[in-house]
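The values are calculated or read from the model by the stated rules, or taken from the named source; none is laboratory data. Quick caveat, the model's predicted, so the values are computed rather than measured. Here the Cβ positions follow ideal geometry from the backbone for every residue, glycine too, while neighbour counts run over all protein chains shown.
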Amino acid sequence: MRSQLPDFPWDALAPFGEIARSHPEGIIDLSVGTPVDSTPEFIQSAFRDSSNSPSYPVTAGTAELREAIRSWAISRLGATGDFDVLPLIGSKELVAWLATIVEAKKILIPEIAYPTYHVGALIAQAESIPVGIDSVQWPSADLAWINSPSNPTGRVHSTQELMASIEWSRTNSAILISDECYLEFDHTAQSTSILAHTNGDNRNILALHSLSKRSSMAGYRAAFMVGDSALIAKIRELRKHAGMMVALPVQNAMTVALKDDEHVAQQRARYNARRDALRPALEACGFRIEFSNSGLYIWCTRDEDAWASVEWLAQRGILATPGGFYGEKGKNHIRIAMTATDSQISDAVRRLKA
């Protein structure tokens with residue numbers, strides 16, 4: 001690679017993890033957003049029932065999975081017009097490789113963002129340009145990422161902001177991909193998909209979704225994209241040659257997961273209850289909460305260097321992520337994940353109050 005990949009950011013957090021682990025009551029890790037709540041039993045059952053899987057799976061997905069994604073996209077995302085669907089080996093895989101697959105050379109990423117958008121540009125040997133929310137200010141490019149609800153901030157794009165980004169795509173004949181992996185976890189804001197605002201014209205528009213958080217299936221590596229049929233056909237053809245196919249037991253588990261909303265509502269309530277418990281405790285310690293309207297995270301600051309906030313929490317056995325991992329504009333913020341058990345969240349609240 002001509003471009004040097006950055007150091008894996010969480011390696012820099014390791015010393016603070018050691019501080020947190022030295023706490024008399026042990027560590028409460030709120031840094032990495034990995035689910036801890038059990039995968040619903042009916043999803044596990046579908047996976048087990050498919051464990052005899054001697055044949056290669058289909059890259060395009062089974063007919064049952066494709067129909068489940070399509071129906072969900074219409075009912076949940078408001079997708080209309082002509083569109084196609086494609087299962088993925090987790091959403092991070094596509095974030096890292098999409099720029100390479102479509103041969104993009106200039107890529108726009110949110111100025112406070114999931115680090116893999118930038119890494120994907122480096123892998124593709126492309127130029128990565130951080131931009132603000134207002135797409136009127138965006139330069140021309142081959143590809144642009146938007147992320148709503150945002151990781152790490154929990155900010156939700158307005159209808160006007162989404163429509164403006166679509167207009168940018170039309171004007172520049174550029175791919176616009178909306179990372180919507182936290183769409184099912186609204187709190188005090190209402191999220192909508194980019195596909196609800198295309199008026200059925202989905203050219204160059206893609207939406208990315210994952211079951212990792214929605215259905216506590218992170219270990220399954222289960223995700224999918226929805227959008228421009230012609231573009232997905234090209235992406236699918238390359239993936240067929242590269243052997244990028246979702247395992248059949250995972251496809252069958254995805255199919256049943258997408259047909260049920262009750263377990264999603266229950267998980268959303270868990271995350272929101274944890275946020276509601278932690279927020280006042282953090283505010284009492286001088287943190288100001290910003291955005292955090294949806295998703296799995298609290299984005300907050302004490303107007304100090306993020307590492308000072310991380311160390312302060314680590315001394316109390318609580319590990320958080322410095323906002324600088326997500327861009328220069330996050331250097332005075334921290335991200336706190338709700339991916340801990342109810343008991344651990346209660347313990348964190350108690351430690352903060354103490």
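The condition of being buried (at least 19 other Cβ atoms within 10 Å of the Cβ) and not hydrophobic (A, V, I, L, M, F, W, C) holds for only one of Gly120, Gly81, that being Gly120. Considering region 27-119, the qualifying helices (runs of 4 or more DSSP H), each wholly inside and each with 3 or more residues that are in contact with a strand residue (DSSP E or B) (Cβ under 8 Å, 6 or more places away or on another chain), run over 63-72, 91-101. Return yes or no: is Ile205 over 18 Å from Glu184 (Cβ atoms), free of Cβ contacts under 8 Å to residues at least 40 places away in the same chain, in contact with an Asp or Glu (Cβ under 9 Å, 6 or more places away or on another chain) and not assigned by TED's automatic domain parsing to the domain that holds Ile298? Yes: the conditions hold for Ile205. Within region 91-106, residues that are closer than 17 Å to Tyr182 by Cα have Cβ atoms under 6 Å from residues that are part of a helix (DSSP H, G or I) and hydroxyl-bearing (Ser, Thr, Tyr) in these pairs: Lys92/Thr116; Val95/Thr116, counting only partners at least 6 apart in sequence or on another chain. Looking at region 304-318, is at least one residue assigned to a helix (DSSP H, G or I), modelled with pLDDT of 95 or more, among the hydroxyl-bearing types (Ser, Thr, Tyr) and closer than 24 Å to Thr39 by Cβ? No, the conditions are met nowhere in region 304-318.
Determine whether region 277-287 contains at least one residue that is in contact with an Asp or Glu (Cβ under 8 Å, 6 or more places away or on another chain) and part of a helix (DSSP H, G or I).
Step one: of region 277-287, the residues in contact with an Asp or Glu (Cβ under 8 Å, 6 or more places away or on another chain) are none.
Looking through region 277-287, none of the residues is in contact with an Asp or Glu (Cβ under 8 Å, 6 or more places away or on another chain) and part of a helix (DSSP H, G or I).
Give the residue, chosen from Gly227, Gly243, that is in the same structural domain as Gly132 (by TED's automatic domain parsing) and under 24 Å from Ala113 (Cα atoms). So that I can check it myself, show each step before the final result.
Details: Gly243 fails: under 24 Å from Ala113 (Cα atoms).
Among Gly227, Gly243, only Gly227 is in the same structural domain as Gly132 (by TED's automatic domain parsing) and under 24 Å from Ala113 (Cα atoms).
Quick check on region 319-337. Is at least one of its residues of a type in the set (Ser, Thr, Tyr) and within 17 Å of Arg288 (Cα to Cα)? Within region 319-337, one or more residues are of a type in the set (Ser, Thr, Tyr) and within 17 Å of Arg288 (Cα to Cα).
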